[in-house]
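A short worksheet on the structure shown next.
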Amino acid sequence: MELSLKKIAYALNTTTCCDKIITRISIDSRDVDENTLFFAIKGERFDGHDFAHDVAKKGVGALVCHKKVDCDAPVLYVDDTKQAFLDLASYYRSTFPNLKVIGLTGSVGKTTTKEMTACVMGRRYKTLKTEGNLNNEIGMPKTIFRLDGTFECAVIEMGMSAAGEISALSLSAKPDCAIITNVGVSHIENLGSRDGILKAKLEITNGLKKGAPLFLNGDNDKLSTVKNEDFKIVFFGIDNKNCDVFAENITENGLTTEFTAVRGNIRQKIVIPTVGIHNVYDALAAFAVGTEYGVSPEEAAAGLAGYTPSGMRQRIKEVNNITFIEDCYNASPDSQRAGLNSLCKVAKGRKIAVLGDMLELGSYSETAHRAVGEYAAQCRIDMLYTFGENSKYMADSAKKSGLERVFEFTDSEKLAYALIQELKSGDTVLFKASRGMQLENVFGKIYAEWDV
């Protein structure tokens, strides 16, 4: 990055007399130097304005503030620093007119689809992607500020918890195309209904140009109804063979899934190093985007073959001849069912599920947890361990549906100890819960006990 402070002021609709060059953007008062523009962001725990004097003493290049501060450094005053952060990201993105920006959102599968799409696009273009969970009004601009002239493509994940958030992200990133993986029940507490969720997800089109490709899951009951002549809608799916891109001949072999991707006259065999039909949808979306932008079917297949799960998303490892499926980055009713399906596909011995609370479901929470408990029983797993207050409904429904070995916990150490006593060679155990439950602490304690 190399922007003059006067250009930055213009982008933020403010003024300055200083014309120094800025090469870095930061919201962390500990991470500034003479070339840094510091945004004083007011968060839940800290207000960046309180550190204005400190960053000025460190010789910061300039600050962006929405409250009066007393410091010896150039200050750009704006109405709201969070919006200014998005506005500057939008301006900076516009300095790369030839960049292909792929925006994506969805109730589940966002990150896997992002990773797979980056793998596919990376076969032909130098590609930047969202790292970790930097998919909100602060994280997304950080991703955009990582751009430089060498990048040809950027895959930008957009998350949300309330209406209007994806619109702001899309208007800032100005994607050239967009993917919506599905519409489930995540964040229904804030959005009221699945129709409300659909409306919020479709906000991703607010930053799209007319005629831009919009990739939608044609098997999803909500997305399959979308019609909009302003965009080139490309449906992908499995069950609906009327989709523009679809999968057939799906087979799961151990820890891999093989299928044929069909798009018009194209028929391409694809093997992905993960299991579960939900991952086929994610791979189809990536394949659809790649072939839209000139990636050959063979290159797309090679990119997908090189995919590796990120973070704690369906990471499979063998420990003491026990298979652990670490999939606890997030959870919803749909992804819990997908996780249980994966457990049943992978397991050769006993099938054990450790399922924790699904958060942000509001009044739908009890119904959702009960539905997952019923499904766990239908899958005929051998044991269910639940973790959290809301998961008591999951446990209750699992028992009522015929699953005999169900154990409830609200203490992670007690849960870990119980599993240590129970697990034996040949078992396969799934760990899945919403991120806030920190279920990784449970298998972390197990690994520590076994000196892994």
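Out of the residues in region 139-158 that are touching a strand residue (DSSP E or B) at 6+ places or on another chain (Cβ under 7 Å) and open to solvent by 10 Å² or more (accessible area, probe 1.4 Å), state the one that is nearest to residue 11 (Cα to Cα).
In this case the residue turns out to be 145.
Out of everything in region 69-93 that is of a type in the set (S, T, N, Q) and over 17 Å from residue 178 (Cα atoms), what residue ends up being surrounded by the most Cβ atoms within 10 Å (Cβ to Cβ)?
The selected residue is 81.
Can you name the residue in region 150-163 that is under 18 Å from the mean Cα position of the chain (by Cα) and assigned to a loop (DSSP other than H, G, I, E, B) and, of all such residues, is modelled with the lowest pLDDT?
Selected residue: 161.
Which residues, taken from region 278-310, are more than 23 Å from residue 213 (Cα to Cα), open to solvent by 40 Å² or more (accessible area, probe 1.4 Å) and touching a Ser or Thr at 6+ places or on another chain (Cβ under 8 Å)?
Matches in region 278-310: 309 only.
Only residues that are of a type outside the set (A, V, I, L, M), in a loop (DSSP other than H, G, I, E, B), open to solvent by 10 Å² or more (accessible area, probe 1.4 Å) and on the phi < 0 side of the Ramachandran plot: list them for region 399-441, please.
Listed by number, the residues that qualify are 401, 404, 405, 410, 411, 424, 425.
Residues to consider are 284, 355, 343; find the one that is under 22 Å from residue 415 (Cα atoms), at pLDDT 95 or above and within 22 Å of the chain's Cα centre (by Cα).
355
Please tell me if residue 149 is of a type in the set (Gly, Ala, Ser) and within 23 Å of residue 278 (Cβ to Cβ).
Spelling it out, it is not the case that residue 149 is of a type in the set (Gly, Ala, Ser) and within 23 Å of residue 278 (Cβ to Cβ).
Looking at region 340-398, which of the residues that are touching a Lys or Arg at 6+ places or on another chain (Cβ under 9 Å), assigned to a loop (DSSP other than H, G, I, E, B) and closer than 20 Å to residue 427 by Cα is most open to solvent (accessible area, probe 1.4 Å)?
380
I want to confirm something. Restricting to region 314-339 and keeping residues that are open to solvent by 70 Å² or more (accessible area, probe 1.4 Å) and at pLDDT below 85, which single residue is farthest from residue 183 (Cα to Cα)?
315
Which residues, taken from region 74-104, are under 16 Å from residue 134 (Cβ atoms) and touching a strand residue (DSSP E or B) at 6+ places or on another chain (Cβ under 6 Å)?
85, 101, 102, 103, 104
Which residues, counting only those in region 1-34, are surrounded by 16 or more Cβ atoms within 10 Å (Cβ to Cβ), polar (S, T, N, Q) and over 29 Å from the mean Cα position of the chain (by Cα)?
Of everything in region 1-34, just one residue is surrounded by 16 or more Cβ atoms within 10 Å (Cβ to Cβ), polar (S, T, N, Q) and over 29 Å from the mean Cα position of the chain (by Cα), namely 16.
Within the group 138, 144, 188, which residue is at pLDDT below 95 and farther than 19 Å from residue 282 by Cβ?
Unique residue meeting the criteria: 188.
Does residue 169 satisfy the criteria of being surrounded by fewer than 23 Cβ atoms within 10 Å (Cβ to Cβ) and either on the phi < 0 side of the Ramachandran plot or without any contact (Cβ under 8 Å) to a residue 24 or more places away in the chain (or both)?
Considered against the rule, which asks whether it is surrounded by fewer than 23 Cβ atoms within 10 Å (Cβ to Cβ) and either on the phi < 0 side of the Ramachandran plot or without any contact (Cβ under 8 Å) to a residue 24 or more places away in the chain (or both), residue 169 comes out as no.
The values are calculated or read from the model by the stated rules, or taken from the named source; none is laboratory data. The model shown is predicted, which means the values in this text are computed figures rather than measured ones. For neighbour counting, all protein chains shown are included, and Cβ atoms are generated from backbone atoms with ideal geometry for every residue, glycine included. The accessibility values were calculated without ligands, DNA or RNA, using every heavy atom of the protein model including side chains. Shrake-Rupley method; radii C 1.70, N 1.55, O 1.52, S 1.80 Å.
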